[in-house]
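One structure below.
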Amino acid sequence: MIKLKILLIYPPFPFGRGMASIMCSPPLALLNLAGTVPEHNVDILDLNVDKSYGIKKMEEKLRKYDLVGITCMSATLRMVVNLCKLAKKIGIPTLVGGFHPTLDPNVIDKQDSIDMIVRGEGEITFKELLSGKPKKEILGLSYRENGKVYHNPERPFIKNLDELPFPRNDLVNRKPYQYLWIPAWNCETSRGCTFTCKFCCVNQFYKRSYRTKTPERVIKELYQIPPKVKLVFFVDDNFTLNKKRVMRICKLLQKTRLNKKFVFVCQARVDDIANNPDMVEEMHKSGFICFFLGFESFKQMALNRMNKGYSLDKVQKCINLCHDNGIMVFGSFIIGNIGETKEETRKTFKLMKDFNLDFIMTMPITPFPGTELTAEAIEKGWVEKDLKWENIKSGESKPIMHTPDLTADDIQELLSESYRSFYNDTKFLIRKYLLKSQFFSNPNFKWTRKFAYKFFKNGITKFVMRLDKIVDEAYLTT
């Protein structure tokens, strides 16, 4: 077998500059791929942390490799295509994987700089491709050969996630990665989601399947995390979906005392938290300090239209349970929900503070390929029928569709306003963090003392004081 030199590239994540200053995560999907081919030389280039690459430097970099692989989300397609064009210019084969090529595999037909795409989970497909297996026999692969594009049959989902090799965490420098300015790393314990939110591409990618690693495997992966990391973000789309499994993981975190080595953050559902106070208490004991919750809206009609599947009466209970157990709430919201006016969206901004959220993130409503939202948006003329993602600047958070109640400009204005409303409200911040601070009054928040200096220093100097510039660059610059 010929030992190949492979470069895997992670383009800038389309988070907007504001959130990029609060969190920066290692490219776990690429680390997973690298773990499957130890017989080859793999390098990883994370363009989220290394911003020194212009065209000339990138061309010099690409010349060193036999193959370049790039992970691709819809909002990064433009950069991915440009990277592929550069690679093809110097004769380097190109391979693209991730959400966008899986949900829109015809991208290879439209972009002749893309030689191959991996559809769906990439670990086995990638390994078979590098092993020299004939392309026509590799499930989940689309490829170009003699001027024609071939789409092989789909690859079934990996049944036993425990059989996957460990990610190659040694291939990237741990220092740039942080969450809330705490040295951080990612860990995956499950894949998929069984819910049917109309805007979400995750349930389309995984076809509403849900598979898990065993709690014992999760603990083994935590032992692989680089030294000096203090925070672990469980990147599962819904970490709390299986309560019994969560409780078992928590017991093992306590038994192994990994809850003394790390603090943990996960993504969860509002109703899962509100309905399981015993689980939240156990997660607190196990070192969980923050839940990333997709509230999306504080209007019930909007939640119903998107099939979010929870009722607003759960919100206050969820937040209270978190705070009672010393767990911060990081709320995510969509601006431009169908049926919401400007005034109703601004009511949500007020409720973010009334509900005492700790952090918020807002993103514009976006018609990702393959979703129910996209089909409806095209049918009703809310988005261009032939939307060209390759024309959208990578990393932008600007809206690309309108709604019956909001123009794209309205959504853009509200995105800017959402951050200023929450993070520039001095009275709210003083009351929350100083006068009535749960961080001082609640003993369950004593963990914050360990990170208090770094948290407040960076929160003020790198985010709040730069907020106007951050917002203007992310949302208002044309």
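The values are calculated or read from the model by the stated rules, or taken from the named source; none is laboratory data. Bear in mind the structure is a predicted one, so any value in this text is a computation, not a measurement. Positions of Cβ are generated from backbone atoms using ideal geometry, with glycine treated the same way; all protein chains shown enter the neighbour counts.
Every residue in the range 308-318 that is closer than 26 Å to Asn203 by Cα and loosely packed, with under 15 Cβ neighbours inside 10 Å, please. Of everything in the range 308-318, those that are closer than 26 Å to Asn203 by Cα and loosely packed, with under 15 Cβ neighbours inside 10 Å turn out to be Gly309, Ser311, Leu312, Asp313. Identify, from the list Lys57, Lys51, the residue that is charged (D, E, K, R) and either over 26 Å from the mean Cα position of the chain (by Cα) or surrounded by 18 or more Cβ atoms within 10 Å (Cβ to Cβ) (or both). Answer to the check: Lys57. With respect to the stated conditions, Glu216 is in contact with an Asp or Glu (Cβ under 9 Å, 6 or more places away or on another chain), in the same structural domain as Phe288 (by TED's automatic domain parsing) and surrounded by fewer than 17 Cβ atoms within 10 Å (Cβ to Cβ).
Do you know which residues across the range 218-227 are aliphatic (A, V, I, L, M) and either part of a loop (DSSP other than H, G, I, E, B) or touching a strand residue (DSSP E or B) at 6+ places or on another chain (Cβ under 8 Å) (or both)?
Within the range 218-227, Val218, Leu222, Ile225 meet the criteria.
One residue is enough: does the range 83-99 have a residue meeting the conditions over 28 Å from Trp181 (Cβ atoms), part of a helix (DSSP H, G or I) and hydroxyl-bearing (Ser, Thr, Tyr)? Scanning the range 83-99 turns up no residue that is over 28 Å from Trp181 (Cβ atoms), part of a helix (DSSP H, G or I) and hydroxyl-bearing (Ser, Thr, Tyr). Across the range 377-416, the number of residues qualifying as closer than 20 Å to His100 by Cβ and not in a loop (DSSP other than H, G, I, E, B) comes to 5. Before we move on, is Gly326 over 20 Å from the mean Cα position of the chain (by Cα), modelled with pLDDT under 95, more than 30 Å from Thr448 (Cα to Cα) and not assigned by TED's automatic domain parsing to the domain that holds Ala75? No. Take the conditions over 28 Å from Ser416 (Cβ atoms) and buried (at least 21 other Cβ atoms within 10 Å of the Cβ) and apply them to Leu321. Does it pass? Judged against the criteria, Leu321 is a match.
Every condition in (1) assigned to a strand (DSSP E or B); (2) closer than 23 Å to Leu406 by Cβ; (3) of a type in the set (A, V, I, L, M) holds for Val329 except the one numbered (2).
Mind listing whichever residues of the range 154-172 are in contact (Cβ under 8 Å) with a residue 60 or more places away in the chain and either among the β-branched types (Val, Ile, Thr) or surrounded by 15 or more Cβ atoms within 10 Å (Cβ to Cβ) (or both)?
Leu164, Pro167, Arg168, Asn169, Leu171, Val172
Which ones in the range 125-153 are among the charged types (D, E, K, R) and surrounded by fewer than 13 Cβ atoms within 10 Å (Cβ to Cβ)? Lys136, Glu137, Glu145, Lys148 - these are the residues of the range 125-153 that are among the charged types (D, E, K, R) and surrounded by fewer than 13 Cβ atoms within 10 Å (Cβ to Cβ).
For residues that are assigned to a loop (DSSP other than H, G, I, E, B) and under 23 Å from Ser190 (Cβ atoms), scanning just the range 1-52, find the one that is modelled with the lowest pLDDT. Among those residues, the one meeting the criterion is Phe15. Apart from one condition, Phe292 fits all of (1) outside any strand (DSSP E or B); (2) buried (at least 21 other Cβ atoms within 10 Å of the Cβ); the exception is (1). Considering the range 324-374, and only residues there that are without any contact (Cβ under 8 Å) to a residue 12 or more places away in the chain and acidic (Asp, Glu), the residue that is surrounded by the most Cβ atoms within 10 Å (Cβ to Cβ) turns out to be Asp354. Among the conditions (1) surrounded by fewer than 24 Cβ atoms within 10 Å (Cβ to Cβ); (2) part of a helix (DSSP H, G or I), the only one that Pro105 does not satisfy is (2). Taking the listed residues Ile70, Ile158, Ile90, Ile138, the one that is touching an Asp or Glu at 6+ places or on another chain (Cβ under 8 Å) and closer than 30 Å to Tyr223 by Cα is Ile158, with no other qualifying. I'd like the residue in the range 74-88 that is without any contact (Cβ under 8 Å) to a residue 60 or more places away in the chain and hydrophobic (A, V, I, L, M, F, W, C) and, out of all such residues, is farthest from Lys393 (Cα to Cα). Here the answer is Ala87.
Answer yes or no: is there a residue in the range 399-418 that is at pLDDT below 85 and in contact with a helix residue (DSSP H, G or I) (Cβ under 7 Å, 6 or more places away or on another chain). Looking through the range 399-418, none of the residues is at pLDDT below 85 and in contact with a helix residue (DSSP H, G or I) (Cβ under 7 Å, 6 or more places away or on another chain).
Annotation: Pro105 fulfils all but one of (1) at pLDDT 95 or above; (2) over 22 Å from Gly370 (Cα atoms); the unmet one is (2). You will find that of Asp354, Asp313, Asp324, the residue that is more than 17 Å from Lys299 (Cα to Cα) and of a type in the set (Asp, Glu) is Asp324 and no other.
Here is a yes/no grid of residues against (1) assigned to a strand (DSSP E or B); (2) farther than 21 Å from Gly192 by Cα; (3) out of contact with any strand residue (DSSP E or B) (no Cβ under 9 Å at 6 or more places or on another chain):
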| site | (1), (2), (3) |
| --- | --- |
| Glu216 | no, no, yes |
| Val229 | no, yes, no |
| Phe233 | yes, no, no |
| Asp236 | no, no, no |
| Leu241 | no, no, no |
| Phe264 | yes, no, no |
| Asp272 | no, no, yes |
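The set of residues from the range 201-226 being in contact (Cβ under 8 Å) with a residue 40 or more places away in the chain and closer than 27 Å to Thr448 by Cβ comprises Glu221, Leu222, Ile225, Pro226.
The residues in the range 207-239 that are modelled with pLDDT of 95 or more, within 15 Å of Glu121 (Cβ to Cβ) and basic (Lys, Arg) can be counted, and the count is 2. Inside the range 173-198, can you point out the residues that are exposed (fewer than 14 other Cβ atoms within 10 Å of the Cβ) and in contact with a helix residue (DSSP H, G or I) (Cβ under 8 Å, 6 or more places away or on another chain)? Scanning the range 173-198 gives a single hit, Thr194.
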